[in-house]
Every structure is written in C-alpha cells, then in structure tokens.
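The values are calculated or read from the model by the stated rules, or taken from the named source; none is laboratory data. Bear in mind the structure is a predicted one, so any value in this text is a computation, not a measurement. Here Cβ is always computed from backbone atoms with ideal geometry, including for glycine, and neighbour counts include all displayed protein chains.
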Amino acid sequence: MQMHSAILEGIKRQQFYVLYQPIINVAEPHAGMAKVEALIRWRHPQYGDISPADFIPLAERTGAILELGEWLLQQVCHDWQQLAANGLPLTIAINRSLREFNDPDKGKHWLTELSKVGMPAQSLVVEITESLLMRKRQRQLKILHDLRQAGVSLAIDDFGTGYSSMNYLREYPIDCIKIDRSFLKDCPQDQRQVSLLEALIKVALSLELNIVAEGVENPEQLALLKQLGCQQAQGFYLAKPMPASELQAFFKTLG
Ligand code: G
Ligand code: G
Ligand code: MN
Ligand code: NA
C-alpha cells in the first residue's frame, strides 16, 4: 500500500520520465532506425534512480501499473506529436502488463488517446509477454483484436523465456517477436547458443513474423544476426535508451 501511494505521488510530482531505445533495421538495403521502445524511469528525490525491474513488479502487484501505464501512454503521445512536428514521425513500442488487460475496453481507450494527438495506430507497437497469452481469456483477446484491427502491431517481448509451447503463435494475431537477450549473451562464442538462436530465428521467419533481437552488445553479435537473417536489432552496441530530445540527432548519425 505504501508503494502504491509512493508511485501515485511520484506521478503527480513528475518523478517518472521516459527514455527511448532505438530498434535498428540491420538488413540491407533498408538499414536505419525502424522504431523505438519507450522505457519508463523513476528518479525518486530520496532514493535516487529506481530500476523498472524493481518497481514494475510492485506496481503490478498493487495495481498502480494502471496509473503508470496511463501516464506512460500520455507521455508517448506527447513525444510522438513533438517528433512528428519536427519531421520524425516514429513508430513507438510500449510495454504493457497483464494487469492492464483486465478492462475489455482498454484497447479502444488507448486508440482514443492516440487519435487525440493524431498518432496513427500503425505508429504504435504493443509489447506483451508470453505469460499473457498463456491465459485464454476473452477480455485479453478482445483487446488484442481491437488493437490489431485498428493497425497496432503486437510484439512478444522476452520471447523464448516464458513457455516452451509456441501454440499461441498460431492462435493470436502476433506481428513480431523480440528474442530475449539471454539467447544472444554468449554468442557467437558458444556454439550451442548460436544453434538455439538460429532455430528461433528460423521458426519466426517461417511464420512470417518480424524479429527483433535484443541485447546486442558487440559487433560480432550484430554480424551473426545479419548472417542468420534477423531483420531488426536492439542493444547497447547499437544505441542506448535516450531522451526523446536526442532521437533526432541520433537519427541523423545513421545517415
Ligand atoms: O529499461 P529496463 O531494461 O531497465 O526495463 C526493465 C523492465 O521493465 C523490462 O522488462 C521492461 O519491459 C519493463 N518496462 C519498462 N517500461 C515499462 C512500462 O512502461 N510498462 C511496463 N509494464 N513495463 C515496463
Ligand atoms: O523486457 P524488455 O525487453 O522490455 O527490457 C528492455 C530492457 O533491456 C531495458 O531496460 C533496456 O535498458 C535493457 N537493454 C537494452 N539493451 C540492452 C543490452 O544491450 N544489454 C543489456 N544487458 N540490457 C539491455
Ligand atoms: Mn520490451
Ligand atoms: Na526483453
């Protein structure tokens, strides 16, 4: 309960902010920035920087994730509008938690927020985890279908870490998988890891899914991904999360 009020207080006092991490098209000839992922940050006046890995699970438990998610979407809409006005109408990916799928009208609500700033549904990606899809609930399906029908893309975050069953890839309207960074961690040195990564990419390609490899930290990993036919990549080697105000300059460095 204390955590709940601390988060609500933090929203009111503007302690949260958003960083954007570029997702790069690595496949020639379309090399360049494909989209960005919005990542929430909390700077507490007393406790300093608190990692989302710590506060998101707590926000999920207390329900404050609903307010945080609302706040984040507002901020994303605002930043999108600003960037578009400056000639950079980006596609932005947001992370959503299971708890945010309880209200069957959520999808419609998010779309309304986009339309208020003229952000096309095609400019939004919603990242969800595998665990969300393992629960067959009509409410969640309705939200996913509402979003997809309007043109929002759906991505599976941390792909490969949740469940071994990939059945849900057939049953849900998924556009993209984000291969969890644990698969890339020991590549290209560890041959078994390379084989696993290769298999995941093959499955995704054969299902005609868009693939983002997460956690690219060196040029050897990037070269491997290109060789395996992965189209998009994200990671500290390519670009760190940055404020919206720095995206334009970063975009120019890509040429
Ligand atoms: O940015 P960082 O790697 O520290 O993020 C840690 C975790 O927090 C990641 O799993 C990321 O998906 C999650 N996260 C970041 N921003 C948001 C958000 O706005 N909403 C939700 N639900 N999760 C987020
Ligand atoms: O679960 P999700 O994919 O949303 O998590 C995104 C998190 O991954 C962000 O907090 C971001 O800071 C982190 N991240 C992004 N690129 C890298 C990377 O190259 N290496 C590591 N270790 N973490 C990364
Ligand atoms: Mn993510
Ligand atoms: Na991830």
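Tell me, which residue of the stretch 157-205 that is of a type in the set (F, W, Y) and within 22 Å of I23 (Cβ to Cβ) is nearest to ligand 4 (Cβ to nearest atom)? Step through it out loud before you land on a result.
First pass over the stretch 157-205, keeping only residues of a type in the set (F, W, Y): 159, 163, 168, 172, 183.
Add one more test, that the residue is within 22 Å of I23 (Cβ to Cβ), and what stays is 159, 172, 183.
Numbers: F159: 8, Y172: 18, F183: 10 Å.
The selected residue is F159.
Scanning for something assigned to a loop (DSSP other than H, G, I, E, B) and either more than 26 Å from G215 (Cα to Cα) or of a type in the set (K, R) (or both), does the stretch 33-45 turn up at least one residue? Steps first, please.
Step one: filter the stretch 33-45 for residues assigned to a loop (DSSP other than H, G, I, E, B), giving 45.
Still in the list and also either more than 26 Å from G215 (Cα to Cα) or of a type in the set (K, R) (or both): 45.
Yes.
Sort out which residues of the stretch 84-97 are in contact with a strand residue (DSSP E or B) (Cβ under 8 Å, 6 or more places away or on another chain), within 16 Å of ligand 4 (Cβ to nearest atom) and not β-branched (V, I, T), and write them in order of number.
A93, N95, R96
Condition (residue is in a strand (DSSP E or B) and of a type outside the set (F, W, Y)) applied to the stretch 192-205: is it met by at least one residue?
Of the residues in the stretch 192-205, the ones in a strand (DSSP E or B) are none.
So far as the stretch 192-205 goes, no, none of its residues is in a strand (DSSP E or B) and of a type outside the set (F, W, Y).
So, in the stretch 102-136, how many residues would count as being within 16 Å of ligand 4 (Cβ to nearest atom) and either over 18 Å from E70 (Cβ atoms) or β-branched (V, I, T) (or both)? Even if it seems obvious, please write down each step before you answer.
Kept after step one, since they are within 16 Å of ligand 4 (Cβ to nearest atom), are these residues of the stretch 102-136: 125-133.
Those still in the list that are either over 18 Å from E70 (Cβ atoms) or β-branched (V, I, T) (or both) too: 125-126, 128-133.
Of the residues in the stretch 102-136, 8 are within 16 Å of ligand 4 (Cβ to nearest atom) and either over 18 Å from E70 (Cβ atoms) or β-branched (V, I, T) (or both).
I need the full set of residues from the stretch 133-158 which are crowded, with 18+ Cβ neighbours inside 10 Å and either of a type outside the set (D, E) or at positive phi (or both), in order please. Quick ask: steps written out before the conclusion?
Of the residues in the stretch 133-158, the ones crowded, with 18+ Cβ neighbours inside 10 Å are 133, 140, 143-144, 146-148, 152-158.
Once the filter is applied, which keeps residues that are crowded, with 18+ Cβ neighbours inside 10 Å and either of a type outside the set (D, E) or at positive phi (or both), the stretch 133-158 yields L133, Q140, I143, L144, L147, R148, V152, S153, L154, A155, I156, D158.
Would you check which residues across the stretch 159-183 are exposed (fewer than 15 other Cβ atoms within 10 Å of the Cβ) and either part of a loop (DSSP other than H, G, I, E, B) or modelled with pLDDT of 90 or more (or both) and list them?
Step one: list which residues in the stretch 159-183 are exposed (fewer than 15 other Cβ atoms within 10 Å of the Cβ), which gives 161, 163-165, 167, 170-171, 173, 182.
T161, Y163, S164, S165, N167, P173, S182 - these are the residues of the stretch 159-183 that are exposed (fewer than 15 other Cβ atoms within 10 Å of the Cβ) and either part of a loop (DSSP other than H, G, I, E, B) or modelled with pLDDT of 90 or more (or both).
Anything in the stretch 225-255 that is over 17 Å from the mean Cα position of the chain (by Cα), over 24 Å from Q191 (Cβ atoms) and assigned to a loop (DSSP other than H, G, I, E, B)? List them, or say none.
Matches in the stretch 225-255: L254, G255.
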